[in-house]
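Working notes for the structure below.
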Amino acid sequence: VYNVNLVLKGFCQSGDCDKAMGLFCQMKRNCVLPDSISYNTIVNGLCKAKRSVEARDLFEAMKAGDCKPNLVTFSALIDGLCKNGEVEEGLDLLEEMEKKGLEANVFVYSALISAFCNKGEIERGKQLFDEMLGKNVTPNVVTYSCLMHALCKTGKWQEASQMLNDMTTSRVHPDVVAYTVLADGLCKNGRASDAVKVLDLMVQKGEEPNTLTYNAVINGLCKEGRVDDALKILEMMAKKGKKPD
RNA sequence: UACUCAAGAUGC
């Protein structure tokens, strides 16, 4: 099963969901019974291929069979529905899992928060954030990043900047993505100078900026007509032995 | 106290 699961994932990742499904069906015949990871891999693959109807069907089949949906199944499906614009259905699933006694974790909440944030409904995102705190589910760097992203997109860059401090005081360590989200968000709000400060801060904290980070800041500087400063960033990359893309 | 499944970022 172990080995077959890896291949299932491989097919899904390369967009060959159908091949994965074919292999999945063969497993049952060849007495390598699919386990929950096999199922979850397919559910997730279907979701990523925007085939949420089929993902749901498989989910229903799991409920009817021996391999019941677990936390990962719900998490993958909720995210899939959300990304398919069916956020309310995602919330329904949250209810359903709770009724079954499965406790939503940070993956489930982050997926939902991300979805509401992307729809521009930050308030609902924040509500979920409070809800998870109330349930003693600890937000992680992904949760914070989603919120920072949304805050920046709606002009609330101060709040987003504050959130970086919040996470530090909550002992959640910002990673490259978190810093990049904020730097980019600041740029989008015409605050390229602040973005450069974020860049400096992360270096100071020992977090290596990557190409995406640099691109965000460079783009921000250029949009403000500060092309010379942008060039300096390129030079800074060169000094570090980073290849510009 | 290992190995397979789920959530976040740039440019067009």
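Summary table below
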| read-out | value |
| --- | --- |
| Residue that is in contact (Cβ under 8 Å) with a residue 24 or more places away in the chain, closer than 20 Å to residue A:36 by Cα and surrounded by 20 or more Cβ atoms within 10 Å (Cβ to Cβ), where the choices are A:102, A:81 | A:81 |
| Wholly enclosed helices (runs of 4 or more DSSP H) of segment A:70-153 bearing at least 3 residues over 12 Å from the mean Cα position of the chain (by Cα) | A:71-83, A:87-99, A:122-134, A:141-153 |
| Looking only at segment A:163-203, and only at residues there that are outside any helix (DSSP H, G or I) and surrounded by fewer than 21 Cβ atoms within 10 Å (Cβ to Cβ), the one that is nearest to RNA strand B (Cβ to nearest atom) | A:175 |
| Count of residues meeting criterion [within 8 Å of RNA strand B (Cβ to nearest atom) and either farther than 17 Å from residue A:167 by Cα or not β-branched (Val, Ile, Thr) (or both)] in segment A:130-142 | 1 |
| Verdict on residue A:232 being in a loop (DSSP other than H, G, I, E, B), at pLDDT below 95 and either surrounded by fewer than 20 Cβ atoms within 10 Å (Cβ to Cβ) or of a type in the set (S, T, N, Q) (or both) | no |
| Residue in segment A:118-129 that is more than 11 Å from RNA strand B (Cβ to nearest atom) and under 24 Å from residue A:51 (Cβ atoms) present | yes |
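Okay, residues lined up against (1) part of a loop (DSSP other than H, G, I, E, B); (2) near RNA strand B (Cβ under 8 Å from one of its atoms):
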{"position": "A:5", "(1), (2)": "no, yes"}
{"position": "A:9", "(1), (2)": "no, yes"}
{"position": "A:15", "(1), (2)": "yes, no"}
{"position": "A:22", "(1), (2)": "no, no"}
{"position": "A:28", "(1), (2)": "no, no"}
{"position": "A:33", "(1), (2)": "yes, no"}
{"position": "A:44", "(1), (2)": "no, yes"}
{"position": "A:59", "(1), (2)": "no, no"}
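The values are calculated or read from the model by the stated rules, or taken from the named source; none is laboratory data. In this text the structure is predicted, and so the values were computed from the model without any measurement. Note: ideal-geometry Cβ built from the backbone for every residue, glycine included; neighbour counts use all protein chains shown.
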